Amino acid sequence: MKRIIRSMFSVLGVVAITALMASPAFAQDTESPSDVENFQGTAYNGALQLTWDAATDDTGIVGYYVHYGVETVDEAGETYDDFQDAGNVTEYSLTGLDNDTEYFLSVVAFDAEDNESMRWAEEISLTPTESAGDYSDSEAPTVSGAEALNNVEVRVVFSEAVVLPSEDAQDAFQIEDDDLLEPLVVTAAVMDDEDGSGASVILTTEEQVGGATYTLTVGVEVEDNTGNPINSGTSDTAIFTGSGEAMAATDDVEPELVSAEVVDNANIKVEFTEAIVLNIDPSENFMIVEEDDVTSILTVLGVELVANSDGVEDAAAMITTAPQSEVSYVVTAVEVEDESGNEVAAAKSSALFDGIAAEEDDVADDDDADDDDDDDVVEDVDA
């Protein structure tokens with residue numbers, strides 16, 4: 001039996017601290033729900049159907065976390081690759097899975113204080129296959145919860161992957177201020193790109209009132225992957241608190257390489273429109289070739305970020321090269337990004353510069369160095 005036993009120290013510590021509190025007003029629910037029993041599943045074409053017996057808790061079960069991954073978990077401290085909040089149900093389906101891949105799964109119950117079962121349910125393994133047939137899902141999706149991300153965005157989490165209406169998706173979501181009984185207008189609704197399970201939606205709203213209580217209602221236009229709509233009046237609502245925090249500004253502007261200037265025979269300065277980020281080996285971020293012969297490469301020996309001519313730190317690269325020839329070169333930025341992860345666009349990633357020969361003093365110094373070496377050889381021979 002593969003079970004993960006949670007540390008008793010933290011639980012006993014919380015109980016001891018609670019016992020020391022004189023006033024009942026500070027009492028906190030620290031009792032864990034019972035372990036989930038009879039965890040079973042059936043594999044289908046790209047999907048798994050899971051069932052389990054209801055757990056119990058002194059204050060009531062709020063929901064279940066289904067943990068799953070492609071590696072077994074049989075040691076304390078290990079975790080699965082992913083998990084889903086299944087809501088307060090005893091039957092749940094995972095869809096969009098890879099066929100012929102073995103998945104390992106377990107489940108725990110949690111209460112309102114997010115106390116979880118002391119042990120995960122006994123692990124099971126299932127492998128979806130095309131020949132297993134399609135999963136027939138007759139259970140409607142439910143709203144698991146909602147959370148304000150900032151004063152104009154709300155994340156809505158469902159019990160399973162959902163599909164939004166192809167047009168005017170925002171109209172499927174209604175939000176009302178519980179105190180003022182006034183609507184909070186939803187202006188956009190899109191799938192949450194950061195949730196690979198497809199069970200989360202990001203709503204854009206009018207500006208919320210920080211601390212206000214809102215009730216979200218989802219319409220029947222929202223369906224799961226098998227076409228089951230949200231049941232109106234049944235688990236189609238969620239309550240969340242408005243945020244007073246402004247949404248962070250997003251940067252989707254690509255940096256541009258604007259110029260390349262020769263400093264000397266072995267250095268050039270390449271400027272960008274904004275600060276950039278380079279690879280661990282920054283010499284890989286720049287390619288320099290002769291304009292008339294792209295097979296003739298000028299080796300990049302080192303790169304250092306400096307301020308550009310507008311004084312913006314890290315918006316220029318001082319590139320040390322092998323000695324240049326008196327020809328025209330093209331320098332190209334390769335996979336150079338700004339601090340928000342926007343990569344330099346291909347059309348704005350190159351610039352021309354004219355190479356210069358080494359100064360005569362440098363050549364003379366090299367000749368003197370050679371003469372000194374010859375003198376040393378003579379002296380050694382005489383000796």
In segment 130-150, residue farthest from Ile202 (Cα to Cα) [restricted to those that are among the polar types (S, T, N, Q) and surrounded by fewer than 18 Cβ atoms within 10 Å (Cβ to Cβ)]: Ser131
Residue that is most open to solvent (accessible area, probe 1.4 Å) [pool: residues in segment 189-217 that are among the small types (Gly, Ala, Ser) and at negative phi]: Gly196
Checking Asp58 against (1) farther than 22 Å from Asp29 by Cβ; (2) open to solvent by 70 Å² or more (accessible area, probe 1.4 Å); (3) among the acidic types (Asp, Glu), the condition it does not meet: (1)
Residue within segment 245-262 that is open to solvent by less than 50 Å² (accessible area, probe 1.4 Å), within 23 Å of Ser340 (Cα to Cα) and not in a loop (DSSP other than H, G, I, E, B) present: yes
Residue within segment 188-206 that is within 30 Å of Asp354 (Cα to Cα), in a strand (DSSP E or B), of a type outside the set (D, E, K, R) and touching a residue at least 24 places away in the same chain (Cβ under 8 Å) present: no
Residue ID - nearest to Val253 (Cα to Cα), chosen from residues in segment 328-353 that are touching a strand residue (DSSP E or B) at 6+ places or on another chain (Cβ under 8 Å) and loosely packed, with under 14 Cβ neighbours inside 10 Å: Glu339
Residues satisfying the stated conditions in segment 229-239, i.e. modelled with pLDDT of 90 or more and either open to solvent by less than 70 Å² (accessible area, probe 1.4 Å) or polar (S, T, N, Q) (or both): Pro229, Ile230, Asp236, Thr237, Ala238
Count of segment 295-324 residues which are loosely packed, with under 14 Cβ neighbours inside 10 Å and among the polar types (S, T, N, Q): 4
Residue selected from segment 302-341 under the condition touching a helix residue (DSSP H, G or I) at 6+ places or on another chain (Cβ under 7 Å) and in a strand (DSSP E or B), by the criterion farthest from Phe272 (Cα to Cα): Gly302
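The values are calculated or read from the model by the stated rules, or taken from the named source; none is laboratory data. Quick caveat, the model's predicted, so the values are computed rather than measured. Methodologically, a virtual Cβ is constructed for each residue, glycine included, from the backbone with ideal geometry; neighbour enumeration extends over all protein chains shown. When the accessible area is computed, the model is the full protein with side chains, heavy atoms only, and any ligands, DNA or RNA have been set aside. Shrake-Rupley method; radii C 1.70, N 1.55, O 1.52, S 1.80 Å.
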